[in-house]
1. Being open to solvent by 10 Å² or more (accessible area, probe 1.4 Å) and among the hydrophobic types (A, V, I, L, M, F, W, C) is the filter here, so list the residues in the range A:91-109 that pass it.
2. Please indicate, with yes or no, whether at least one residue in the range D:60-81 is under 22 Å from residue D:111 (Cβ atoms), within 14 Å of chain C (Cβ to nearest Cβ) and within 17 Å of the chain's Cα centre (by Cα).
3. Name the one entry in C:5, C:9 that is open to solvent by less than 40 Å² (accessible area, probe 1.4 Å), closer than 30 Å to residue D:66 by Cβ and either within 14 Å of chain D (Cβ to nearest Cβ) or more than 15 Å from the chain's Cα centre (by Cα) (or both).
4. How many residues are within 14 Å of another protein chain (Cβ to nearest Cβ), buried (at least 19 other Cβ atoms within 10 Å of the Cβ), part of a loop (DSSP other than H, G, I, E, B) and on the phi < 0 side of the Ramachandran plot when one looks only at the range C:218-272?
5. If I go through the range A:169-217 residue by residue, how many of them are open to solvent by less than 10 Å² (accessible area, probe 1.4 Å), more than 7 Å from chain D (Cβ to nearest Cβ) and not hydrophobic (A, V, I, L, M, F, W, C)?
6. Among the residues of the range C:100-122, which ones are farther than 14 Å from residue D:118 by Cβ and either of a type in the set (Asp, Glu) or in a helix (DSSP H, G or I) (or both)?
7. Between D:136, D:168, which is modelled with pLDDT of 95 or more and farther than 24 Å from residue D:21 by Cα?
8. Any residue that is open to solvent by 10 Å² or more (accessible area, probe 1.4 Å), in contact (Cβ under 8 Å) with a residue 40 or more places away in the chain and either in contact with a His (Cβ under 7 Å, 6 or more places away or on another chain) or at positive phi (or both) - is there at least one of those in the range A:160-168?
There are 4 protein chains.
Amino acid sequence: MYEKHYPGHKSVFKLNDIAIGEDFVIAAGPCAVESEQQLKAVINQIYPYVHVVRGGLFKARTSPHAFSGVGSSGIDWLTEVSQKYDKPVVVEALDREQLALLAPKIDIIQIGARNMYNYPLLAAAAATERIILLKRHFAATVDELLLAAEHILTQGNPNVILCERGIRTFETRTRNCLDLGAVAALKQLTHLPIFVDPSHAAGDASLVPPLCRAAVAAGADGLLLEVHQAPAKALSDGPQSLTPSQLKQICVDVNAILSGVFCRDSRINVEF
Amino acid sequence: MYEKHYPGHKSVFKLNDIAIGEDFVIAAGPCAVESEQQLKAVINQIYPYVHVVRGGLFKARTSPHAFSGVGSSGIDWLTEVSQKYDKPVVVEALDREQLALLAPKIDIIQIGARNMYNYPLLAAAAATERIILLKRHFAATVDELLLAAEHILTQGNPNVILCERGIRTFETRTRNCLDLGAVAALKQLTHLPIFVDPSHAAGDASLVPPLCRAAVAAGADGLLLEVHQAPAKALSDGPQSLTPSQLKQICVDVNAILSGVFCRDSRINVEF
Amino acid sequence: MYEKHYPGHKSVFKLNDIAIGEDFVIAAGPCAVESEQQLKAVINQIYPYVHVVRGGLFKARTSPHAFSGVGSSGIDWLTEVSQKYDKPVVVEALDREQLALLAPKIDIIQIGARNMYNYPLLAAAAATERIILLKRHFAATVDELLLAAEHILTQGNPNVILCERGIRTFETRTRNCLDLGAVAALKQLTHLPIFVDPSHAAGDASLVPPLCRAAVAAGADGLLLEVHQAPAKALSDGPQSLTPSQLKQICVDVNAILSGVFCRDSRINVEF
Amino acid sequence: MYEKHYPGHKSVFKLNDIAIGEDFVIAAGPCAVESEQQLKAVINQIYPYVHVVRGGLFKARTSPHAFSGVGSSGIDWLTEVSQKYDKPVVVEALDREQLALLAPKIDIIQIGARNMYNYPLLAAAAATERIILLKRHFAATVDELLLAAEHILTQGNPNVILCERGIRTFETRTRNCLDLGAVAALKQLTHLPIFVDPSHAAGDASLVPPLCRAAVAAGADGLLLEVHQAPAKALSDGPQSLTPSQLKQICVDVNAILSGVFCRDSRINVEF
């Protein structure tokens, strides 16, 4: 069934001083970059706790009437922040035009959950030769996620990170059901690093810290988190956005689990 | 929430001598066009029972190793068949390049379930000014389907057909669960015509005829069906493909329900 | 896997002048019997369109604070109605005590969806030697429903009617998703009659008529419907309860489909 | 909506030297007690790592042809083990007769997932005045679980433990999807202790250890685990049963998370 997944092995991608797949990675930032000022305000507060800066420029919004991001004008803001704090950046691309704009300047290209089945986009993303962060569709089986990754891997790009972000069920207390059994299963089925995004799964910031701890304890290789300097004022996904101080506390707990259970060091200094 | 849906009204799109939304429509043909010969063999057997010819040229396959269609070479075969039998054609497009190839020659552009959330593709499809057949993603709510349609409608293209094709649940006896409650709900929520594709929902040809009858009885405006002259030899979706004679029997039953319940005439002469 | 299901055969249970499994059956009445007066008011309006009277006496309510039925005092009201109009009655039992009260006087014992996995109750119901109407749990697979029936059949009671009433999915526009693919599959897998309850699936009376038509067209052997003489005043399930005149119109459509597609006569005279 | 849940408070039930809700609890033992010898063999190997002994006597089996437990003859074996090692015992009851047999001798009565909606059984269980371990049905919402607990609480029995054990989704790599977001949500909505059963959710022993760690990290108050001295020979649920040595390693990890994140001591000495 799979020609490009190697259970028993473990991929490691070097990026600046991070070894993704080996070092535990915290990727955090605003759901949507709203302005240069907002981006700098939030990253300035969280950079010590973050290995990778995330920031959405092109937002796939269910309604055509919703805020859809600042677009390409934000690329330079992100690269400036990236250089200032020496942190790589992850941004989502929704189509080939966006891929062409992002690939020269952005370290990691995110394929969002809604595009996991968009095979032409996967092939085009692969061709950028960037690291691809591939999110599981909220109705995708584990096997469909692995096959979507295979669409990238067969194009000759081995640098794929899988990301679990919750599946759609009947439950309404949470936005999606974070499927950590899938994380455990994926670790047996593939060599690729596996991140977890509890922000989208929870849909509520108060549920994000326990799910972050659970994801790390389940064996995730990284977390993808939405943080906003003032969640109540966020233009998108405010209810699920963490404050900078919540992120710091998550890092404290992540450190405890990594060192206590996995003998790993996150290299995040929470005394900062 | 919706700016472009008009419950209480009913859209009608004229296409050759069909009035979609007013006349009941049977769109049928092979899941994948496999060759010129195969296309002609199957259409030659089913054209009397079909208002629209369907045929897949570019197949979105979960595995990159599966048959992915004959591609653009099939366009001329389809237009030839279209002219010979005076039947419009529906073909799925997976990306902008395919849209550009199909739009000049194909009457109805299908956006498949996997691309329902691919908003840039929806906008590009809208711009072709063709009729768009928009399939519900197998994990999309009714409201997300209506909003996906709104992505097309707000681009100035009013010619959208919605298509229910089954949702993903825990049940494994059928491939997907055909959601006819959604069809009934959609008829209250929008003016757009609503088709049903029981082939993908069932995943098994023996279940397709009862689901066709059910869809018509629930009020569907059309059916989208996979038919193959030799299902056991089909390169894709063989198990759910109908034979030409099964299609004919479905038309007999559709006629009975349309006339008995809705006082409509399908204008399909099953005495042929 | 199954020792007591005989695909290819068809069970028929005689009850008064009905042959369940052979004749199409409409079982209708109030979700909950609220009073003697209310029961008579509704049945008096609908008896010509009904083969079996349904009426809930013991309601399994999700909240312990909700109305839970009039209890055993309603048994005599139902038997009186039953005799007056010469219609058999179906009532749900939630435990053994209720089974003991109902079995001597009630023709068909309903095991509700919430109790499909309650195997001691299934065995006790089987022992009453009554016809058992076994509803599919809203999260049960087709195979689990067949095995639940097998729990009854292996106790020596062959008189089991299966009933599809919708499964729980992510969709919120309908209360449950009526799974007519399961009905089609069940007809291939068992000899038992299969009823459909669109009222619980829809959760909204305006969606019930199209789902009734769809169920009949899919091949159901009967319908289980909630009717109330004044739905807005119902103590339970008002929003999904039909009015008597809606029920009559459903019978008109059922007749058309039965005669047009299945060459069957429902023996309901809608000219009444 | 709730009259008997007190968010912000935390229930603590004393049982021997355990304070459920305050101390972290590991409840483990065989899915089904198969014989006196088997019970003693497995408990003899795991008692140092276990606060509560679990052992199924009456098994609700989907098929009537499957092994359904040793029944009441196992009660004395369990009480003997309980006294020998000074550990309380939890056993599931499927009906009132079993409740009457278990209540005089068993410390904690389990209501299984299949019976969460069996309200007469909940009321009867409440009346035993024992601690009730109430498992979430695999299709129950968080609110339905809280209301099921309310059925017990309103009967005057305040000693209810909730247990998440996975929900049914489309995914097939795991048997059910362990819903730790529900655990996090429950901790905000009720004062009751919340246990997690990863064995049933995973359906595969190799996935149980990461899910145990995740559950503890998410804030669970206890774990319910299936352990067998020879899983390959188990009469039920063998594939998901842990070996004694796997259980010990889980305790090592649980200790690390409890002390590192929650400053709690499990009081399990894994040096044993």
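The values are calculated or read from the model by the stated rules, or taken from the named source; none is laboratory data. This is a predicted model, so every value here is computed, not measured. Here the Cβ is made from the backbone with ideal geometry for all residues, glycine too, and neighbour counts use every protein chain on show. We work out accessible area using only protein heavy atoms, side chains counted, and drop any ligands, DNA or RNA first. Shrake-Rupley method; radii C 1.70, N 1.55, O 1.52, S 1.80 Å.
1. In the first step, residues of the range A:91-109 are kept if they are open to solvent by 10 Å² or more (accessible area, probe 1.4 Å); the result is A:92, A:94-98, A:100-101, A:103-105, A:107.
Within the range A:91-109, A:94, A:100, A:101, A:103 meet the criteria.
2. yes
3. On the way: C:9 fails: open to solvent by less than 40 Å² (accessible area, probe 1.4 Å).
Unique residue meeting the criteria: C:5.
4. 3
5. The total comes to 5.
6. If we filter the range C:100-122 for residues that are farther than 14 Å from residue D:118 by Cβ, which is where we start, we get C:100-110.
Once the filter is applied, which keeps residues that are farther than 14 Å from residue D:118 by Cβ and either of a type in the set (Asp, Glu) or in a helix (DSSP H, G or I) (or both), the range C:100-122 yields C:100, C:101, C:102, C:107.
7. Working: D:136 fails: farther than 24 Å from residue D:21 by Cα.
None of the others qualify; the one that does is D:168.
8. We begin by selecting, within the range A:160-168, every residue open to solvent by 10 Å² or more (accessible area, probe 1.4 Å); these are A:165, A:168.
Applying the additional criterion that residues be in contact (Cβ under 8 Å) with a residue 40 or more places away in the chain yields A:165.
Applying the additional criterion that residues be either in contact with a His (Cβ under 7 Å, 6 or more places away or on another chain) or at positive phi (or both) yields A:165.
Looking through the range A:160-168, at least one residue is open to solvent by 10 Å² or more (accessible area, probe 1.4 Å), in contact (Cβ under 8 Å) with a residue 40 or more places away in the chain and either in contact with a His (Cβ under 7 Å, 6 or more places away or on another chain) or at positive phi (or both).
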